[in-house]
Each structure stands twice: as C-alpha cells, then as structure tokens.
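The values are calculated or read from the model by the stated rules, or taken from the named source; none is laboratory data. Predicted model, so just to flag it, every value in this text is computed and none were measured. As a convention, Cβ positions derive from the backbone with ideal geometry for all residues, glycine included, and neighbour counts pool all protein chains shown.
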C-alpha cells in the first residue's frame, strides 16, 4: 500500500518532516487555544482577568503568530526549493497515463536500446530519476507517495518529476486525479533495485520475446496471433506490433496485471482475458469470454511465459 | 482634507506603500531578467536578481521602520492631548499597519531570496 508516511526518497522525507512539524505544532496550538478558551469561560473572573490584558493580546495574538510563521515560512520554502530538483546523470523515464493504465518507456540511453513496458516502473537505487509525464486521453496525475509529490499528466503537455530512490523495495503509485470510472483501479508498482540488478533487468527487457517450446504455449501464441491481439498489443520479436494497449513482450515478468489489480499468474491472466469488463468495467479491452477453457489456459500460459 | 490630516493618512499607509514598492521592484526586475534569459547576470560580481531583492528589501524595510518610529512619536504626542480621539486612533492604527508591514516586507524578501527566481 502506498504511504506518504514511509518516505523512501529525499523529497518524500522532506515533505514528511514538514507535515509532521506542522501537524504536531498545529495540534499543540489548537490544544493550548482550546484550554485557554475553556479557562476563559469557566475560571473565576479574578483569575481569568489576565487573558484580556493588553500584554496577553500583544504576546499571544501578535508576537507568537509572527514568530511561528516567520520560522515556518523559510522552512517550507526551503523544502519547496530543494524538492523535485533536476540532477545531472538522471535516468530518463517517460510515463503516459491512459484510461486506465500506465505506458512506461525507457528511452535509449547510450548503447542501451529503448523499450516499453506497462504499469511497472523499475528504478535503480541511488541514481536520480527524471520522469517525463503526459496523458493520451484525459488528465491523470502521477503520484508515488513514498518518493515525493504528485504531478499532473495533461494531454499535449509534458511535465517533469525528479526523485531518487534511497532504499530497495516495492512501492505503489496511483493516479491522483479522477480520470473516469476506473480511476481508483489505476495503480502501478515502482520497484527499486540495486544498480546491478537494474542493469540486468534492463538488458532482459530490451530483448525480444522468446519463442515458446512447449506445444501448449505454442498454441497460445497461435491463438494470440489468430485472435488479432497483436493489433492492439506489441510483442517484440513477433508480428504483433499494436500500440493501442500495453506492450506485452515481457508481461510475464510483471508483478501485477490490470494496473495493479491482481497478482500476475496464469489464473489471473486467464480471468482477465475472459472477463475484463467484469473485473474492470470500461477498460478498452473487450472480454474474450467465448474462448474454451483449454484455449484460455494456452493463451494465458503463453502470456505468462513472456518473461 | 487638511494638510495635517493628509500627512497622518500618508503615515498610516507608509508601510503598505513601501511593501508595494518592494513587490513591484522585485517582481518587475526578476520577471524582466527571467524573460530575457538574464537571470544569472551579475554586476560587480553580485547577481542582479539577489542584489535587487536584498537592496529593495533593506530600503523598504528601513523606510517602514522610520514610519513606525514616526507613528510612535505621533501617538505619544497625541496621548498628551486631552481631546484628540481621531488623531489618537489614526496614530495607533499607523503603528499597527507599519509594524505589520515590516513583517510582511521581511517575509516577502526572504521568500523571493530562497525560491529560484525563474522557476
């Protein structure tokens, strides 16, 4: 579960401490004012008289707020200044929000080729990340609470967000702008890996899909081809080159399907294919409920084998 | 309005006028330099943007401090006169407005100095 209270990056940590300072300070001030209010109501007149004195009003009503706000203002501004700062050598990642999933692109970087994935952002620990975001249809908002603030994804406009993962782990990101019926089911994973593991992952992701060796999976691939899945989905290394839906070249290696809805396994893949409109009504992919159980197993098995 | 009353009104508004001047100078200079791509320009080794912010803040702060001192003097003089209700009220308000303007000018200067000029 995503949480802004478990910061895993510098920006999130700064925002966390600013929030804590203001929350705790606000609670203490609220309790103090409430106590004074009750005292003013219930204390005997001779004991509460000091509350109405000129000195109390000047110190409590003028000096205290000015001093408190004078401390909070530069603190908040410094947090704002030091957050979301572009850094040299950052890893560029492009994320496009679509109803109701996330297209993730890793541009070519030196001798490393570009590739696309979906609903999952893998980042190396310790290296700054520069995320460029936009949207393909309606306004979305990209938010990984563990790493910092959110940023709007607006069609036709590219916004940028910078963060650095400071510890390995699996974090959850969400769409933070209502974008349609399935807005609440538009999540993604951010997996922070050690640099060497990230490089291995990147190398694997850049490879085309492997041909299935098991007859059942080969049948699944044939069903994928004959069913026209490739007109919407791409599987690099095959004739499937659709760009409408998520790239499925390595779909089997992802943690979840349906933009964070289910763990990724052959059962959930089969359920998704057979009944998308029941699981996530309104998604662009139609339900393929007419497939036989055996065909469904073959097709889901093929997809699950794309690692 | 008599000359004395005009002077009282001006004294009462001095802090707000100084704040407006600071605001106009800081944003005018900063946005012009940013718009022309000269945000990092220097003069005698000092960045023009931070130098403008600091000098505009110091000058308007000093002017407002003088207004506060005048307001306090005026209030003390009015307090000695038995039937100067309006004068006393105006000088009292002048102290408050000019005092708060000091705080606002400082807050504004600090904010402009901390945040990136052209963000």
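Here's a check for you: in the range B:41-53, which residue that is modelled with pLDDT of 90 or more and in contact with a helix residue (DSSP H, G or I) (Cβ under 7 Å, 6 or more places away or on another chain) is surrounded by the fewest Cβ atoms within 10 Å (Cβ to Cβ)? My answer is B:50.
Taking the numbered list (1) within 14 Å of another protein chain (Cβ to nearest Cβ); (2) under 30 Å from residue B:114 (Cα atoms); (3) loosely packed, with under 12 Cβ neighbours inside 10 Å in turn, residue A:64 passes all entries but (3). Restricting A:81, A:112 to residues that are within 14 Å of chain B (Cβ to nearest Cβ), more than 30 Å from residue A:283 (Cα to Cα) and surrounded by fewer than 16 Cβ atoms within 10 Å (Cβ to Cβ) narrows the list to A:81. Restricting A:219, A:160, A:225 to those that are touching a strand residue (DSSP E or B) at 6+ places or on another chain (Cβ under 7 Å) and outside any loop (DSSP other than H, G, I, E, B) reduces the list to A:160. Within the range A:110-122, does at least one residue satisfy the condition of being touching a residue at least 40 places away in the same chain (Cβ under 8 Å), assigned to a loop (DSSP other than H, G, I, E, B) and at positive phi? Taking every residue of the range A:110-122 in turn, at least one turns out to be touching a residue at least 40 places away in the same chain (Cβ under 8 Å), assigned to a loop (DSSP other than H, G, I, E, B) and at positive phi.
The number of residues in the range B:64-99 being touching a helix residue (DSSP H, G or I) at 6+ places or on another chain (Cβ under 7 Å) and either part of a helix (DSSP H, G or I) or under 21 Å from residue B:17 (Cβ atoms) (or both) comes to 22.
Restricting to the range A:85-94, name every residue that is within 14 Å of chain B (Cβ to nearest Cβ) and under 30 Å from residue A:250 (Cβ atoms). If you could, list the steps in order and put the result at the bottom.
Residues of the range A:85-94 within 14 Å of chain B (Cβ to nearest Cβ): A:85-86.
Across the range A:85-94, the qualifying residue is only A:86.
Screening the range A:1-84 for helices (runs of 4 or more DSSP H) wholly inside it with 1 or more residues that are within 25 Å of residue A:127 (Cβ to Cβ) returns the ranges A:10-42, A:64-82. Checked against (1) free of Cβ contacts under 8 Å to residues at least 12 places away in the same chain; (2) in contact with a helix residue (DSSP H, G or I) (Cβ under 7 Å, 6 or more places away or on another chain), residue A:283 passes all but a single condition, namely (1).
Any residue at all in the range A:95-103 that's surrounded by fewer than 17 Cβ atoms within 10 Å (Cβ to Cβ), in contact (Cβ under 8 Å) with a residue 12 or more places away in the chain, away from chain B (no Cβ under 11 Å) and over 17 Å from residue A:171 (Cβ atoms)? Reasoning before the result, please.
Step one: filter the range A:95-103 for residues surrounded by fewer than 17 Cβ atoms within 10 Å (Cβ to Cβ), giving none.
Scanning the range A:95-103, I find no residue that is surrounded by fewer than 17 Cβ atoms within 10 Å (Cβ to Cβ), in contact (Cβ under 8 Å) with a residue 12 or more places away in the chain, away from chain B (no Cβ under 11 Å) and over 17 Å from residue A:171 (Cβ atoms), so the answer is no.
Scanning the range A:101-113 for residues that are at pLDDT below 95 and either touching a helix residue (DSSP H, G or I) at 6+ places or on another chain (Cβ under 8 Å) or assigned by TED's automatic domain parsing to the domain that holds residue A:257 (or both) yields A:112, A:113. In the range B:34-52, what residues are under 9 Å from residue B:118 (Cβ atoms) and under 23 Å from the mean Cα position of the chain (by Cα)? Scanning the range B:34-52 gives a single hit, B:49. Picking from residues in the range B:94-119 that are within 14 Å of chain A (Cβ to nearest Cβ) and under 13 Å from residue B:12 (Cβ atoms), the one that is surrounded by the fewest Cβ atoms within 10 Å (Cβ to Cβ) is B:96.
Matching residues to (1) in contact with a strand residue (DSSP E or B) (Cβ under 7 Å, 6 or more places away or on another chain); (2) over 30 Å from residue A:261 (Cβ atoms):
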residue	(1), (2)
A:48	no, yes
A:53	no, yes
A:72	no, yes
A:79	no, yes
A:89	yes, yes
A:99	no, no
A:104	yes, no
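In the condition set (1) within 30 Å of residue B:119 (Cα to Cα); (2) without any contact (Cβ under 8 Å) to a residue 40 or more places away in the chain, residue A:190 is compliant with all but (2).
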